[in-house]
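Working notes for the structure below.
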Amino acid sequence: MNNPAGTKESILVISDFPQKASSSLVSSLGFEDSTPNHEEITVLNLGGKQRLAVPDVFYDGYIQVLTDARKHVGQWIDTVDSPLLIGLGLGGLVALWACADNRQAPVRGIVAIGSTPHLEFLKDRHPYYDWPADTVKKTLLDWDVSYKVPRIGSRHVLLLHGDHDQVIGANWIEEFFLLATGVSRFPDHWEYHRIRGLGHDWDHEEQAVQEARQYLHAFRKKIATLVG
């Protein structure tokens, strides 16, 4: 996708964690006809279920992986021009946090797909973990990106979620969108779409997936005009 400054569009696609074995993340987002001369797409794979085979599934699994990913994204941002972050599932949370961590970086946009602003949904996924522990409660609070919306600044944010998502419900991201547009100095830079019939994964060529891709394409086109 061209931009007025003639610079290369650097895109980082961040997978969910744990990632389900599926088709290419890049092609599932509809980038098959991308132009290599004008964009560079990198994928950060957060890993599969084997990375949860650890003594403490929360700290040694999720928190360790997500912490490492935040650092990795921050390092990547420093090496490219006009970056765009696209995160799926918990990859979306990583993308939002990476922008909050690097508030001066020239990130043009963030896309969070089927994502969440915090880790509360893990309580349903791992019901026997010691969630009431004070240290765990503090960690959950520390990972809630809702409190860091001002640090995201003027970056443009696209939130996409399907009403058939059985992994991460849409209610959390909807509440986050309402909060963000209420406290951000740039509420018009936030965009949210709840897509009827869309599940957590984009594996099938169904109408809901096509609709989601159209929103993603329109968002990329919009922020491309902001470069330079």
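The values are calculated or read from the model by the stated rules, or taken from the named source; none is laboratory data. The structure displayed is predicted, hence computed values, not measured ones. Note that each Cβ is placed from the backbone with ideal geometry, even for glycine, and that neighbours are counted across all protein chains shown. Just the protein is used for accessible areas: all its heavy atoms, side chains included, with ligands, DNA and RNA removed. Shrake-Rupley method; radii C 1.70, N 1.55, O 1.52, S 1.80 Å.
Miscellaneous remarks
- For region 170-193, the tally of residues that are more than 20 Å from Arg220 (Cβ to Cβ) and open to solvent by 30 Å² or more (accessible area, probe 1.4 Å) stands at 11.
- Applying the criterion of being buried (at least 17 other Cβ atoms within 10 Å of the Cβ) and not acidic (Asp, Glu) to the residues of region 194-212, the residue that is nearest to Leu90 (Cα to Cα) is His200.
- Screening Arg220 with (1) charged (D, E, K, R); (2) assigned to a helix (DSSP H, G or I); (3) at pLDDT 95 or above gives one miss only, at (3).
- A count restricted to region 45-65 and to residues that are of a type in the set (Asp, Glu) and surrounded by 14 or more Cβ atoms within 10 Å (Cβ to Cβ) stands at 1.
- Count - residues of region 87-129 that are in a helix (DSSP H, G or I) and either of a type in the set (D, E, K, R) or within 19 Å of Lys49 (Cα to Cα) (or both): 10
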